[in-house]
Each structure stands twice: as C-alpha cells, then as structure tokens.
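Chemist: Below you will find the structure I want to go over with you.
Just so you know, all these numbers are worked out from the coordinates, no wet-lab data involved. Quick caveat, the model's predicted, so the values are computed rather than measured. Because the Cβ atoms are built from the backbone with ideal geometry, glycine has one as well, and the counts that use them run over all protein chains shown.
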Amino acid sequence: MEITNWDSVLQFASGNMDLNLQEHDFSEYSTSSSTPNLQVPTPPHSTDGGGSPVCDDPSDHNVLVSISTTFYPGANLHSLPPDLALLSSDSVFFYVHSHIILAVSDNSFLSLIPTSSSKEHSNNMVIHVPELSPVLNIILHIIYDKSCSHYSPSLETLSAAVNRLPSYGIDSKSRITPSTPIHTLLLSHAPLSPLEVYTLAAKHDLYDLAVPTSSHLLSFQLSTITDDIAEAIGPKYLRRMFFLHIGRSEALKRILLQPPHPHAPTPWCDFTNQKTLTRAWALASAYLAWDARPDISTGFLEAALAPLAEHLSCDLCKQGLNDRIKNLIVQWSVVKRTI
C-alpha cells in the first residue's frame, strides 16, 4: 500500500474519529497465533482496498494501531528516515530502511521489498510480512545488529526467528557471530537449555555458538537422545558431542590409572608396606573409572580419593598421596570441555 508520507500513518483525523497513538513494546513474546493483539493507533483507511488493518469501535469511532517501540518513524536508527513500513501478521507496524534490509538479504526479503531498479515504487510503502510481531521484531534486530534482550524473548521465539532467517535470504552464519548481540542472547540460554541452543546452533552451523554451549551438555545422558533429536542436531554436530563425552571419559580413566609414586624405603615403611596405598588407590580409581562421567568435578575426585590418607601411618605415603591427587586434579582441569 503506497502512502504519500508517514504523517498519514501516524496521524489520522477524519470526521468525528479520534486517533490515540500507542506503541507495542513486545514485553511478552509468543509464537502462537493465539497471541492477543495489543492495539495501538493505526493508519487510516486505504482507498485502494489493500490498506492496513483498522479496528473501529462503533461506539466512539476510535482507530487503533500497533507500532513497534524500536522501529518507529522517529527512532533514529539511521541517519536517513525510514522509507518502508513492514506489517506483521498480527498487525504491528515496523518502520525500516529498505536499503539496510536489501543489503543483508539475497532474495529481496522473500521477494517482498522492491529492488533498487524499482526503488521509486518502494518509498513510503506498507508491506505485509507473514510473521508474528515477536518473530519479526527479532529478525529486524538481527538485521540492524541491535540487542533485543530488553524484551526478554523466550528461547522458543528466538529459535523461531533464527530459523526464519534463511527464508528471507539472510545468512545466519554471517549475522550470528560472537560479536553480535543475538549471539550473546542465545548463549545466555545455554545454562538452562543447552540441548535446545546446541540443536539450533547445529542446524545453522553456528560453530562459535555450539562450542561454548557444548560445555553445558557434559551432564546430558547420551542414551536419552531420541531419533528426532538426533535428526535435528544432524550427524556433524552429533558426532562432535559424542566424541566430547567419550573423549573426556577416556581421559579420566587414563589420569586415574597411575598410582601415587612410591618413596624411598625407610625402616618403618618399605616397598611392601607401600603396596597398601597402591591397592587402595587401585580400588578407588576403579570405582571412579567405572562411572567415569564427562561432567565429574575436581571436587568430587578429591573427596573420593583424599580419605585414603586416613588409613596411612607413614607421613611420606600421605605426602605422596596428596601430591598425586593434586596432579590428578590439574590434569583433569585441563582436559577439553567443549567440542
């Protein structure tokens, strides 16, 4: 729908109608089509039959429209004023710059935005976008490289937005990098939802996001992976996750294998007496190796092995045990924790 200027979108006075402008802050996100539509002042009726949605109350003739609190005409997101209005499927307006969107999209934003060859037709247009406002809001924040964390979007909404990027010709790998706000926001969900974040990263080959997220998957039971989860992650990143778990478990077994180094024989503790410590270490390490979990902590290892000293009467043996435990903890702490 072509509009001569943004004033006709932001201001409307016709006859006895009153227009009350409000803004949509997206404080509550939902990807469900049943999301209640927050009503805010809306543009006037269009004369071409393809106008913006208008909600008329027959009692007071108020006209309401929803407008993004980030992407509105006076937002100063760029030195130039916006030349395009995007209308989400739940009737929220987003005022954007067509050249910024076209610069990151290789299909003219799902072929919705006119190219430069027909630029004269794109000025002051309203284009309908088949996305709910929470999802479209995140997509635009990604395009503009701005943080949307103040909206507190759910991981479900973030995932929906990221999954829709390819449809709009936007390369996920180039837009979601460690230096971008969306990367930081997605990573903040990793401690509580590591599998979901890792799956999203795997789907779009976001290696820099998958690596730090994988450290939160060390306690995940690989046996619980279903066919659907495996298919969603894909063979490449699923293999990396399996190798991470298996590699750490095998590394722990190797570290535990070597018993404390024996000390020189003394009148009260010869090599025969020191075999007591060797046998005790072998039993304790076998117990730990049997259930060598990739997420086992250094504190747990120390708590399991330190009590062996209680059964030793030789101070040199005790010192040798303490040195071995310290060395084991150092070795375990440097084993790779990510894919």
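Chemist: For segment 240-321, just run the numbers: alpha carbon Rg, then divide by 2.2 N^0.38 Å, N being how many residues it has.
Modeler: Relative to the 2.2 N^0.38 Å estimate, segment 240-321 comes out at 1.27.
Chemist: Also, I was wondering about something else. Pairs of lysines 8 or more apart, or on different chains, with alpha carbons under 15 Å: count those in segment 181-339, would you?
Modeler: For segment 181-339, the number of qualifying lysine pairs is 4.
Chemist: Same structure again: Taking 0.36 nm per residue of sequence separation and subtracting the Cα-Cα distance, how much length would be gained by fully extending the chain between F242 and A282, in nm to one decimal?
Modeler: In short, 11.6 nm is gained.
Chemist: Still on this structure: Give the distance, in whole Å, between the Cα centre of segment 138-199 and the Cα centre of segment 267-339.
Modeler: Distance between centres, Cα-based: 44 Å.
Chemist: Let me see the pair-distance distribution of segment 176-328: every alpha carbon pair, 5 Å bin width, integer percents in order.
Modeler: Taking all Cα pairs of segment 176-328, the binned fractions are 1, 8, 16, 15, 12, 10, 9, 8, 7, 6, 4, 3, 1, 0 percent.
Chemist: Oh, and also: Across 5 Å bins from the origin, how do the percents of Cα pairs in segment 123-170 run, short distances first?
Modeler: Spelled out per bin, shortest first, that is 5, 19, 33, 24, 13, 5, 2.
Chemist: What full-extension length gain, to one decimal in nm, is calculated for T177 and D295 as 0.36 nm per residue of separation minus the Cα-Cα distance?
Modeler: So the chain would gain 39.8 nm between T177 and D295.
Chemist: Under 16 Å from a label point 7 Å along Cα→Cβ of L316: give me every residue in segment 255-275 with its amide N that close.
Modeler: 260-275
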